[in-house]
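Report on the following structure.
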Amino acid sequence: MRDFIIATASTCDIDRDWLDSHDIPVISYTFTVDGKIYIDDCRDTTRRAIYAAMREGKQPNTSQITTYNYYEFFKKLLSEGKPVVFVDMDKSISASYNNSIHASEMIAQEMPDAKLIIMDTRCITMGLAFLIKHMAALAEQGKSFEEVVAWGNMNAVKISHRFMIDDLQWLRRGGRLSNASAIVGSLLSIKPLIYLDDAGTLIAYDKVRGRKKAVAALLASTEKDLGDGTDKDIIVGHSDDPEEGEKWKQMVAEKYPNANSITMMELGPTIACHVGPGFLSIVYLCEKRNG
């Protein structure tokens, strides 16, 4: 058992069994559907419930993790007497990051000898999963706490995130797009292509009409920072459409036959609440993110 802790939040979208088997503690976001509160526990049953509700046209609402919940989570982890590094989605995407910082400041006053690092990841969902899995692998290889944290800090911003959103109505319902823009975009079958810049901000780098063309454009855009993909680890993702996910994975495999690995994941509930079903993604490590 390693002498430090890598902890994360449910927005990493990694399956709970993997997290448990690799000793990665998780703090959960919550969401509400029809007045009922659900916990994003990284389990398939929870993903199925949220997607079923969304397919019925219901709009889930997500909630931040409170400072108090972070405080309790960190305090419990640090009670083991081990250093802790916490990795969650980027601060530009959720105000929860600031809550985690406030909680860490409270911990520092009460436990001045404890070592707690809140990493500014500039990652989200599958990109966060990429970061966590590589940090966990280094830890399991015997790397020290300092070495694992240094690798994370150096490489987090090099994890390229590229997304396609299928239905603009989910962005509208979540308050991230005007009603007029969503209606026009949906009528024209506009599919925005989005990447995460170096600051962790979501940037629409293209808008393509029609899903088939959008998927092709998403794949073509990877040439900007993936190169020929040789020896690269790639994660592809979908939201509630495993058949389309498999097709997408095959397209990536055909384009990058010399990749080291291509893994498929499903988008978890917290982020899915804002983008809806039909989403596709691809993440990988590169020299520099290029939109």
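The values are calculated or read from the model by the stated rules, or taken from the named source; none is laboratory data. Please read these numbers as outputs of a predicted model, since none were measured by experiment. Neighbour counts run over all protein chains shown; Cβ positions are idealised from the backbone, glycine included. Side chains are part of the model used for accessible areas, which takes the heavy atoms of the whole protein and leaves out ligands, DNA and RNA. Shrake-Rupley method; radii C 1.70, N 1.55, O 1.52, S 1.80 Å.
General remarks:
- Figure legend. Inter-residue proximity from the stretch 204-228: first residues closer than 18 Å to HIS238 by Cα, second residues among the acidic types (Asp, Glu), beta-carbon distance below 8 Å, spacing 6+ or different chains. Indicated pairs: ARG211/ASP166; ALA217/ASP206; SER221/ASP206.
- Checked against (1) aliphatic (A, V, I, L, M); (2) farther than 27 Å from MET54 by Cα; (3) open to solvent by less than 10 Å² (accessible area, probe 1.4 Å); (4) not in a helix (DSSP H, G or I), ILE282 meets all criteria but (2).
- Residue match in the stretch 78-85 (condition: charged (D, E, K, R), part of a helix (DSSP H, G or I) and open to solvent by 40 Å² or more (accessible area, probe 1.4 Å)): no
- The stretch 55-82 residues that are closer than 12 Å to LEU116 by Cβ, paired with ones that are part of a loop (DSSP other than H, G, I, E, B) (beta carbon under 8 Å, 6 or more apart): PHE73/PRO25; LYS75/MET111; LEU77/PRO25; LEU78/MET111; LEU78/ALA114; LYS82/ASP3; LYS82/PHE4
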